[in-house]
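Reviewing the structure listed below.
The values are calculated or read from the model by the stated rules, or taken from the named source; none is laboratory data. What you see is a predicted model; the values in this text were computed from it and never measured. Note that each Cβ is placed from the backbone with ideal geometry, even for glycine, and that neighbours are counted across all protein chains shown.
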Amino acid sequence: MNYLSRITINPEVYHGKPIVRGMRWPVVVLLDLLGSGMTNDEILEEHPELQMEDIYAVLQYAALHLHP
């Protein structure tokens, strides 16, 4: 499934860096949380404004940009 539509880039938000659903959740911050060892469930529990599909979108975005 393609989740990339959940990733947006707006020059007015977070200096034009990719963010999740227009919120102030940068892709890189979610990647850092995952990289620190937090599980998907832990992230979603601590940040209820996020959805599992947001995590999938961040991972999909990262994969596409690391391996074009």
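Which one is farthest from the chain's Cα centre (by Cα), of the residues in region 7-48 that are within 15 Å of Ala63 (Cα to Cα) and in contact (Cβ under 8 Å) with a residue 24 or more places away in the chain?
Per the criteria, the residue is Leu34.
For region 26-57, which positions are part of a loop (DSSP other than H, G, I, E, B) and crowded, with 17+ Cβ neighbours inside 10 Å?
Of everything in region 26-57, just one residue is part of a loop (DSSP other than H, G, I, E, B) and crowded, with 17+ Cβ neighbours inside 10 Å, namely Leu50.
Take Asn10 and tell me if it is in a loop (DSSP other than H, G, I, E, B), polar (S, T, N, Q) and out of contact with any strand residue (DSSP E or B) (no Cβ under 8 Å at 6 or more places or on another chain).
no
All but one of (1) among the hydrophobic types (A, V, I, L, M, F, W, C); (2) modelled with pLDDT under 95; (3) in a helix (DSSP H, G or I) hold for Met23; state the number of the condition that does not hold.
Result: Met23 passes all but (3).
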